[in-house]
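Bear in mind that the values in this text are calculations on the coordinates, not laboratory data. Being a predicted model, the structure only gives us computed values, none of them experimental. Cβ placement follows ideal geometry from the backbone for every residue including glycine, while neighbour counts extend to all protein chains displayed.
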Amino acid sequence: MIPIDPIAPSWLRADGTQAVMAALDAARPGGSRFVGGCVRNVFRRTSRDDDDIDIATQLAPDATIAALAAAGIRALPTGIDHGTITAIFKGRPFEITTLRRDVETDGRRAVVAFTEDWAEDAARRDFRLNALYADLSGRIFEPIAESVADARSGRVIFIGDADERLREDYLRILRFFRFNAWYGETIDPDGLAACARQMQGLDKIAAERIWKELKKLLTAPDPSSAVLAMEETGVLEQVLPGAEAGGLVALCEAEKQASLSADPMRRVMALLARRGREVDAMAARLKFSNEEHRRLSAWASAGMDHVAGLAPRDLHAAIYAFGPEAVADRAVLEAAQTERTAELAECLETIANWRRPVFPVGGDDALAAGLAGPEIGQALRAAEAAWIDSGFALGRAALLTLLKRPD
């Protein structure tokens, strides 16, 4: 047994954690333990506390529900076929899963059988650093050798045979790179080679699952090394055809210099060519949300010229036409490509602080000026262009004059 660090994580002492574990222990003393990320991250000494507390239990799903109900804790059967119940305590979820072993796998999903054997449950997990368990007193259980050492050092090593683990669920290929992006110090060459051998299996995985995993990967503080390894093995081309990692490397460096937080959508932009057709194809392939597609399309718009080095007046015009988010995306990526990050902070401050003015005339004014039919739209567009060219200085009276039909 290895005790958790003397400075115990706050989740271990939290009221919700104590209440849920007390309910489970009342039904089967010592039969439930924390598992996965919340335990692993104690050894990684992460600065953040864990929002997700996962619990493994020897209780069957119906017994888990009964134990929670007896304690007055709401239980939701969120994945009951796979043994998962979500407990809700004062609005906070706790995912509780019965110990399992795989009966049948096809690379996408598994048929499982419930077990009471901790070693069986550990053996079906992906990486050794994720196969750590802890009880409420802080004791660590390590059914898979080297799990604690891996968690401490950031080694992402498959449990058992890497190819077999991947054939069970091909999404683990992306999880391998994601965990390396977040925790890995050096990438395990055997695991990398297995990912290269099995990458065709990603074609079996639903696009939504691939995109969800990619977003988690691209949210890491600096995923560039992991993405470079994806490129080297061909996995990047497999999931993002035409993508190149070099732009992401430059973007991550620019983010550091400009103290920008990770933005997975902007990092996707760094991987892609800025061409609308390719952006649309990628959005369709990975089933981006409408908002995600809109943002990528705005960044890729052929109508927006370069924004790096623009005077405030021209920058305001770009923001008015394309929106602050698209202009900020373009500014950050151009700064990364040109290594001109010194001017980026001022540009982003201008984008953040400028408020888009409202065009002070409209259709009713055009009608009142005697215009009709297509000439209304033509006149309004011409007036708006003049207003923008003036730096938005032309007032309503001057714009109404522009709407008057020539005698």
Cα-Cα longer than 19 Å, checked against K256/K287; K212/K287; K215/K287, kept in input order, equals K256/K287
Choice from V20, V327, V156 showing the highest fluctuation, given a GNM over the chain with Cα pairs closer than 10 Å
V20
Relative to the chain, whose Cα atoms define the longest principal axis, helix 61-70 and its Cα axis are tilted in degrees, nearest 10, by 80 degrees
Sequence gap at least 6, Cα distance under 8 Å: using those rules, report the relative contact order of segment 363-403 to the nearest whole percent.
47 percent
Computed over the chain, the relative contact order (Cα-Cα under 8 Å, seq sep at least six) in percent reads 9 percent
Could you tell me the calculated FRET efficiency between R340 and A284, based on Cβ-Cβ distance and R0 = 51 angstrom, to the nearest 0.05?
0.90
Extension length gain for A368 and A273 (0.36 nm per residue less Cα distance), in nm, is 29.5 nm
Dividing the alpha-carbon radius of gyration of segment 104-163 by 2.2 N^0.38 Å, where N counts its residues, gives 1.22
Bin width 5 Å, alpha-carbon pairs only: give the P(r) of segment 275-333 as whole percents, running from 0 to the bin holding the largest distance.
4, 20, 29, 20, 14, 8, 4, 1
Considering the values [x] 58, 57, 47; [y] 93, 49, 41; [z] 80, 57, 42, which represents Cα extents along the principal axes in Å as calculated for the structure under consideration?
[y]
Whole angstrom only: what separates the Cα centroid of segment 379-395 from the Cα centroid of segment 60-81?
64 Å
Calculated from DSSP H runs of 4 or more alone, at -39500 (n - 2.57) each and per residue, what is the 222 nm mean residue ellipticity of the chain, nearest 500?
-15000 deg cm²/dmol
Show me, for segment 340-348, the HN-Hα J-couplings you get by feeding each phi into the Karplus relation (A = 6.51, B = -1.76, C = 1.60, θ = phi - 60°), rounded to Hz, glycine and proline as x.
10, 7, 4, 8, 5, 4, 5, 5, 5
Place the peptides 140-149, 176-185 in order of packing, highest mean first, counting for every residue the other Cβ atoms within 10 Å and averaging per peptide.
176-185, 140-149
Here the percent of antiparallel bridges among DSSP beta bridges lying wholly in the chain, to the nearest 5, is 80 percent
How far apart, in nm, are two points set 7 Å out from the Cα along the Cα-to-Cβ line at T186 and at R209?
3.3 nm
Grab the Cα-Cα distance for N353 and E104, subtract it from 0.36 nm times how many residues apart they are, and report the gain in nm with one decimal.
84.0 nm
Measure nothing but the geometry: give the 0 to 90° angle between the long axis through the Cα atoms of 15-27 and the longest principal axis through the Cα atoms of the chain, rounded to 10°.
30 degrees
Please give the direction-averaged projected area of the C-alpha convex hull for segment 212-263, in square nanometres with one decimal.
3.4 nm²
Per-residue ³J(HN,Hα) for segment 105-111, Karplus 6.51 cos²θ - 1.76 cosθ + 1.60, θ = phi - 60°, Hz, x for Gly and Pro:
9, 10, x, 10, 8, 10, 8
With a ≥ b ≥ c taken as the square roots of the eigenvalues of the C-alpha gyration tensor of segment 1-155, please select rounded if a/c is under 1.5 and otherwise prolate if a/b is larger than b/c or oblate if it is not?
oblate
For segment 363-403, what percent of Cα pairs sit more than 17 Å apart?
22 percent
